[in-house]
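Peer 1: Mind having a look at this structure? Questions to follow.
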Amino acid sequence: MGNKRLIPALSLGLMLVTVMFIALLVGGSHIPSRDVINALLNPRGAGVFHTLVWDVRLPRIVLGTVVGAALAGCGVVFQAILRNPLAEPYTLGVSGGGALGASLYIVLGIGGLGMVGMSIGGCLISIFTVYTIASKKNFSNTVLILAGVIFSFLFSSLVMLIFSLSSTRDVYAAVIWLMGSLSSADTRLVWLVSILASSALIFLLFFSRDLDLLSLGDERATYLGLDARRSKVFFFILASFVTALCVAVAGVISFVGLIIPHFTRKLVGPSHGGMLPCAMLAGSSFLVTCDTVSQRLLRPVELPVGVITGIAGGVFFLLFLLRKDWWGYD
Amino acid sequence: MWLTQAQALCEIFIVGWDRWIKIIVRACAAGLFGLFFNVSCLLATPSRVVSLVPSFTREICELGALDILVGVTSFRPECAAKKQVVGNLTEINVEQVIALEPDLVIASKDSNPKKLVLKLKSLGMNVVVFGDQQDFNGIVDTFLRLGRILGRERRARKIVARVRQEVKTISLRAQGKKHIRVFWQLGSSPLVTASNRTFIGNLTRIAGGVNIFGDLQDRYPRVNREEVIMRDPDVIIVVKNMGCSTRDTCANEWAHVDGLSAVIGGRIYTLDPDIVCQPTPLRFVKALDVVSRMIQGEAHGE
């Protein structure tokens, strides 16, 4: 049993390290591999290559790793607590709130918090409203999902309203932002978000047993000694907060949080003790790979990373569905 | 045998001949009528104009034709602030356009969907659609055509002559100097720039700069941060409000990049989007003046 989890986890870990290293070598501009390695070995060096590797490539890869892990991990959490195979980190309206905050900032110039502050604010507002509504109905899954979907629609309508009242260039800037990108200019912000999100994710790993119980349903979880309601609220808040961080710094990146949990569930089984860390590792590898492809494909032009994750994820998901014995839900 | 065939052919030809004459005469008549009709349309200056494009609204102001302008879009220059709004960027209220009874509707290929133009035409509107304006010549041609249609040709020519003169003066100023590598930042996260297939690229060239991403096919491509550093611009021009609102955040993005020529020279400038976002001849020359001073290093601490 131990081996069954350990081997996939180790190989996924190895894959992540390889992918990160390849990403460091490829990047978005042509640098000879020797110079990349030289720059890497001399952290206190100087020069253009040093700046490129340490200030541009490395933060981007770290951000990709953290956001990939966070989206996949949160996907696992939401699929478990909502007991719904279509749940993903954005299901409960977090991305809608983030998009609204960012649009308000870009288009109307509202808010002194800056772009990141505004989109985190938007996410928090949506988390809070969904929480308030669900708390009135004892956090039933149906109510949570419906409230999330309704707020997603509401927020996206508000975003459309803002767009329809604004000039082309603002709308363009906002739409581009919404497509998602790991190319953040602010290195300090990248480190801050990475530390916050990764500590939250590690914290999450200690509660994988609770996820196992919750995925059996609220009633059974309660019989087995878990305060289902409290535990659900805890997971909901924590995962939403991590998602909010990702949305604020990288925009809305689709498909990672939906595909990766299904993939790892098949790989290591439904027990969250093995699945959660494996999903995080796989999510990181997937996003870093997609980001590298998005940079390399039309270099120096960059494709939105969401396009690559969407296409790769969509094709993968179709194959997954067609192989019926792989599908765990029927 | 051969003879009869040839005869038959000749007969067909001969019989066909007067039919051909008839066709040609008819075509000529139709053409002349059409020509006359068109000319008369052109000669009759419109008296009620609806503009569906903000930059054309501005040009109408510049042409002094504000009195015949009856409808505009919600984003409009100050001069047209009191005009009836018929819609916004995404939606045009067709009923409102009809209610204004315009004899001319001005649209553009870039800004207005084809469906809308077809709809207005099918309702019997006289719609004139302008093509895109990728460089100074395109902007000037469009302006002259607009002036001709609105019966303000003299004024349009006068403005264009003046603008051409100013553009020439500025381009002469840049002549003989070293080519300066320029990076335009139109969006911060992700990074968006303009290629040479835009009027920003054209502007840069006239001002004596070399657009570092001029070679790209896309008009407004997303580019990689690394590639900007590799191509090492001498000047970075950040258009404000495109993802970063204050000068500090925009300039700071590059300030930490050691060894970047623009950082060493302290030549990161910010620009008001209104200057480069509405391509009219007068705006172009204004933008050119500002940008050329940035590129030639006369705009310290802006």
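The numbers here are math on the coordinates, done by the rules we state, and not lab data. None of these values were measured; they are calculated from a predicted model. With ideal geometry, Cβ positions are generated from the backbone for all residues, glycine too; neighbour counts draw on all protein chains shown.
Peer 1: What is the Cα coordinate range of the range A:2-326 on the first, second and third principal axes, sorted by size from largest, in whole angstrom?
Peer 2: That gives 62, 57, 39 Å along the principal axes, largest extent first.
Peer 1: Please report the relative contact order for the range B:49-131, taking Cα pairs under 8 Å with a sequence separation of at least 6, and give it as a percent rounded to a whole number.
Peer 2: 30
Peer 1: Using a basic spin-label model with each label point 7 Å from the Cα along Cα→Cβ, how many nm lie between B:His256 and A:Val149?
Peer 2: Between B:His256 and A:Val149, the simple spin-label model gives 4.3 nm.
Peer 1: To continue, here is another question. Count the DSSP beta bridges whose two residues both fall in the range B:49-131, then state the antiparallel fraction as a percent rounded to the nearest 5.
Peer 2: 10
Peer 1: What distance in nm separates the simple spin-label points at A:Asp227 and B:Lys109, each placed 7 Å from Cα in the Cβ direction?
Peer 2: Rounded to a tenth, the inter-label distance reads 6.7 nm.
Peer 1: In percent, how large is the relative contact order of chain A, given Cα pairs closer than 8 Å and 6 or more residues apart?
Peer 2: Contact order relative to length: 29 percent.
Peer 1: Could you give the length gained on full extension between B:Gln84 and B:Arg155, defined as 0.36 nm per residue of separation minus the Cα-Cα distance, in nm?
Peer 2: Taking B:Gln84 through B:Arg155 to full extension adds about 23.0 nm, to one decimal.
Peer 1: Indicate the gyration tensor shape class of the range A:68-199 (rounded, prolate or oblate), computed on the Cα atoms with a ≥ b ≥ c the square roots of the eigenvalues: a/c under 1.5 is rounded; otherwise a/b larger than b/c is prolate and the rest oblate.
Peer 2: Oblate, because a/c is 1.5 or more while a/b does not exceed b/c.
Peer 1: Grab the Cα-Cα distance for B:Glu101 and B:Lys286, subtract it from 0.36 nm times how many residues apart they are, and report the gain in nm with one decimal.
Peer 2: Roughly 63.1 nm would be gained on extension.
Peer 1: With n ≥ 4 as the cut-off for DSSP H runs, can you work out [θ] at 222 nm for chain A, using -39500 (n - 2.57) per run divided by the number of residues, rounded to the nearest 500?
Peer 2: Estimated from H runs of four or more residues: -24500 deg cm²/dmol.
Peer 1: Now a separate question. Quick one: if the Förster radius is 60 Å, what FRET efficiency do B:Arg48 and B:Val210 give, using the C-beta to C-beta distance and rounding to 0.05?
Peer 2: E(calc), rounded to 0.05, equals 0.85.
Peer 1: For the pair A:Leu216 and B:Glu91, what calculated FRET efficiency results from E = 1/(1 + (r/R0)^6), where r is the Cβ-Cβ distance and R0 = 51 Å, to the nearest 0.05?
Peer 2: Computed FRET efficiency for B:Glu91 and A:Leu216 comes out at 0.55.
Peer 1: Averaged across the residues of A:298-311, what count of C-beta atoms belonging to other chains lies within 10 Å of each residue's C-beta?
Peer 2: Mean partner-chain Cβ count within 10 Å for A:298-311: 4.
Peer 1: At a 10 Å Cβ-Cβ cut-off, how would you order B:Glu78, B:Glu166, B:Glu253, B:Glu101, fewest neighbours first?
Peer 2: With the fewest neighbours first, B:Glu78, B:Glu166, B:Glu253, B:Glu101 line up as B:Glu78, B:Glu101, B:Glu166, B:Glu253.
Peer 1: Within 10 Å of each residue's Cβ, count the other Cβ atoms and sort B:Glu153, A:Glu88 from fewest upward.
Peer 2: With the sparsest Cβ surroundings first, the list reads B:Glu153, A:Glu88.
Peer 1: Once amide H atoms are placed 1.01 Å from N in the peptide plane, what residues at a sequence separation of 5 or more from B:Leu69, or on another chain, have their amide H within under 5 Å of its amide H?
Peer 2: Sorted by chain and number, the residues that satisfy this are B:Val49.
Peer 1: Computed on alpha carbon atoms, what radius of gyration and Dmax characterise the range B:157-295, expressed in Å?
Peer 2: 14.6, 49
Peer 1: Over 32 Å between C-alpha atoms is what I'm after, so list which of B:Lys82/B:Lys119; B:Lys109/B:Lys168; B:Lys82/B:Lys158; B:Lys114/B:Lys168; B:Lys115/B:Lys286 land there.
Peer 2: With Cα atoms farther than 32 Å apart: B:Lys114/B:Lys168; B:Lys115/B:Lys286.
Peer 1: Also, I was wondering about something else. Amide H of B:Thr270: which non-local residues (sequence gap of 5 or more, or other chain) have their own amide H closer than 5 Å, using H built in the peptide plane?
Peer 2: B:Val238
Peer 1: Return the FRET efficiency for the residue pair B:His179, A:Leu297: r is the Cβ-Cβ distance, R0 is 41 Å, and the value is rounded to the nearest 0.05.
Peer 2: The formula returns an efficiency of 0.85 here.
Peer 1: Mark the label point 7 Å from the Cα of A:Thr142 along Cα→Cβ and return the residues of the range A:212-227 whose backbone N is within less than 16 Å of it.
Peer 2: A:218-219
Peer 1: Give me the count of lysine pairs in the range A:2-326 whose alpha carbons sit under 21 angstrom apart, restricted to pairs 8 or more positions apart or on different chains.
Peer 2: Pairs that pass both the separation and distance tests number 4.
Peer 1: Relative to the present Cα-Cα distance, how much length would full extension add between A:Leu14 and A:Arg34 at 0.36 nm per residue of separation?
Peer 2: Net length gain for the segment: 5.0 nm.
Peer 1: Taking neighbour Cβ counts within 10 Å as the exposure measure, how do A:Ile150, B:Ile68 sort from fewest upward?
Peer 2: Fewest to most other Cβ atoms nearby, the residues stand as A:Ile150, B:Ile68.
Peer 1: So for the pair A:Leu165, B:Gln165, with labels modelled 7 Å out along Cα→Cβ, what separation do we get in nm?
Peer 2: 4.5
Peer 1: Search the structure for amide H atoms under 5 Å from the amide H of B:Val127, placed 1.01 Å from N in the peptide plane, and list their residues when 5 or more places away or on another chain.
Peer 2: B:Val105
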